[in-house]
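Shown next, in structure tokens, is the structure this report addresses.
Every read-out reported here was derived from the displayed coordinates using simple, explicitly stated rules and does not represent laboratory data. No experiment lies behind these values; they were computed from the predicted model shown. No Cβ is skipped: glycine too gets one built from the backbone with ideal geometry, and neighbour counts run over all protein chains shown.
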Amino acid sequence: MAVKHSRFDRFLLSINVIFLTLAVLIVVVPLVYIVVASFMDPTVLLNKGLSFRISDWSLEGYQKILSNPAMLRGFGNSVFYSAAFAIVTVMVSVCAGYALSDQRLAGRHFFMTLFIITMFFGGGLIPTYLLVRQLGMLNTVWAVIIPGAVNVWNIILSRTFFKGVPKELKEAANVDGASDAGIFFRIVLPLSKPIIFVLALYAFVGQWNSFFDAMIYLEDSKLHPLQLVLRSILIQNQAAPGMISDQLAMNELKRLSEMIKYSAIVISSLPLLVMYPFFQKYFEKGVMVGSLK
């Protein structure tokens with residue numbers, strides 16, 4: 001049955017459509033520009049702008065990046081760092097959140113207060129660097145994975161989610177003789193897929209886009225993640241105008257920098273675009289359940 005809207009309702013719906021259309025355009029237009037620009041000949045892009053003619057397109061940018069041996073090594077490092085970081089972060093967040101959600105835990109309010117304090121106050125870069133060095137993690141993969149593994153916001157989301165798990169399930173399992181560990185692993189965790197996938201996605205994306213920790217703690221270039229490798233490639237292909245007197249060399253350097261820039265953005269974003277559809281069905285449910293109560 002068709003719903004009849006008043007004139008004011010139709011006005012509000014029209015305003016909503018306009019704002020949603022603008023929001024979509026704000027998101028889609030830059031994406032289309034970057035993807036198309038990554039396939040274009042840099043000379044045509046610089047002189048004429050975007051072109052959808054196949055004759056103006058080129059794969060030279062991708063060839064330049066993929067021919068660099070550091071790219072594949074950096075890609076593999078980023079996949080390992082992101083996956084390992086997501087696993088460690090989810091394990092810590094889920095275990096801590098489940099323990100803090102149990103009213104039988106003595107001092108849980110005290111521990112939660114300590115966690116929250118760390119959200120507002122931190123030691124800073126230099127004390128953190130000294131700590132990482134004293135722990136012997138400099139120039140190792142653990143320097144990228146361990147320092148940020150405890151995320152208080154993820155713990156709060158996990159705790160809120162576990163508070164929503166019906167206590168009758170735990171009581172029934174307890175009557176059947178299940179231990180606390182058995183209840184957690186056999187009953188609670190299978191029901192926690194939404195929040196687990198959401199936390200894993202947050203952690204994976206955050207680590208995938210990160211390069212600062214690797215730049216500070218990793219001296220060996222073989223351990224550098226993809227983002228740091230791309231940063232190095234872009235810096236190597238940029239120079240100030242006063243540094244090069246030959247105009248032809250300057251134009252070629254500018255062309256090469258423009259060609260690599262957009263291709264690097266697409267390559268670094270591709271794994272996340274491929275992964276997101278598989279997490280989408282859990283994403284909305286996990287965010288909503290973990291943010292309620």
Exercise for review: List the extent of the Cα atoms of the stretch 68-161 along each of their three principal axes, largest first, rounded to whole Å.
Suggested key: 54, 29, 20
Study note, to complete from the structure: Between Met40 and residues 5 or more places away or on another chain, the pairs with built amide H atoms under 5 Å apart involve Ser58
Review point. What is the local net charge at Gly182, summed over the other residues whose Cβ is closer than 11 Å to its Cβ (Lys, Arg +1; Asp, Glu -1)?
Key: 0
Revision key, fill the gap. Here P(r) for the stretch 7-56, Cα-Cα distances in 10 Å bins, as whole percents, is 23, 31, 20, 16, 10, 1
Review point. If only Cα atoms are counted, what is the Rg of the stretch 8-90, and what is its Dmax, in Å?
Key: 20.4, 61
Check your understanding: How much length, in nm to one decimal, is gained on full extension between Ala23 and Lys222, taken as 0.36 nm per residue of separation minus their Cα-Cα distance?
Key -> 67.6 nm
**Study point:** Cut-off 17 Å (backbone N to label point 7 Å along Cα→Cβ of Leu105), residues of the stretch 196-221
**Key:** 196
**Study point:** Calculated from backbone phi, Karplus (6.51, -1.76, 1.60) coupling profile of the stretch 72-89 in Hz, x at Gly/Pro
**Key:** 5, 5, x, 5, x, 4, 5, 4, 5, 4, 5, 5, 5, 5, 5, 5, 5, 5
**Study point:** Computed lengthening from Ile187 to Arg7, 0.36 nm per intervening residue step minus Cα-Cα distance
**Key:** 59.6 nm
Revision key, fill the gap. Placing each pseudo-label 7 Å from Cα in the direction of the beta carbon, Ile34 and Phe120 end up separated by a distance in nanometres of 3.5 nm
Point to revise | Projected label distance in nm at Trp153 and Phe278, using a 7 Å step from Cα toward the beta-carbon | key: 2.5 nm
**Study point:** Integer Hz, Karplus 6.51/-1.76/1.60 couplings in order for the stretch 60-65, x for Gly and Pro
**Key:** 5, x, 5, 5, 5, 6
Review point. Which of Leu72, Val17, Met40 sits farthest toward the positive end of the charge dipole of the stretch 1-150, with +1 on the Cβ of Lys and Arg and -1 on the Cβ of Asp and Glu?
Key: Val17
Check your understanding: Around Val94, what is the net charge, scoring Lys/Arg as +1 and Asp/Glu as -1 over all other residues with Cβ under 14 Å from its Cβ?
Key -> +2
Review point. Hey, with R₀ at 41 Å, roughly what FRET efficiency would Leu50 and Gln134 work out to, going by the Cβ-Cβ distance, to 0.05?
Key: 0.20
Check your understanding: Which value, in Å³ per residue, describes the convex hull spanned by the Cα atoms of the stretch 1-148?
Key -> 324 Å³
